[in-house]
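Encoded as structure tokens, the structure appears first; notes follow it.
The values are calculated or read from the model by the stated rules, or taken from the named source; none is laboratory data. What you are looking at is a predicted structure, and each value in this text was computed from that prediction instead of being measured. Cβ atoms come from the backbone with ideal geometry, glycine included; neighbour counts cover every protein chain shown.
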Amino acid sequence: MENKESKDFYAKLKIQLADTSIWPAKYLYKFIVPSLGPQIAEIEHIFDNTGAVITNKVSSKGKYTSVSIVVHLKNPDAVIEKYKEVSKVKGVISL
């Protein structure tokens, strides 16, 4: 269940997305995850069959991996839906 803070965040994000893009549009997600562990595969699974282009870059010490995802989505609600799905993956930082 969402708390008030995350509901407010997603409400603001939806307004910003609606104001700054013409939908449908490409959207760039960026996440930081531990390099060892299932998180990268879990995130990639969330974006399966969406036509997403996923790029991974390991940090200089190898402890973390930056996951960048560019995907064509139909509206701000679709962007937020993916953020909510990814937020269920433990240890992920959304940028």
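List of remarks:
- Residues of segment 44-78 classified as at pLDDT below 95 and aromatic (Phe, Trp, Tyr), total: 0
- All conditions but one from (1) at pLDDT 95 or above; (2) surrounded by 12 or more Cβ atoms within 10 Å (Cβ to Cβ) apply to Ala41; the one that does not is (2).
- Breaking point among (1) over 25 Å from Asp8 (Cβ atoms); (2) among the acidic types (Asp, Glu); (3) touching a helix residue (DSSP H, G or I) at 6+ places or on another chain (Cβ under 9 Å), for Asp77: (1)
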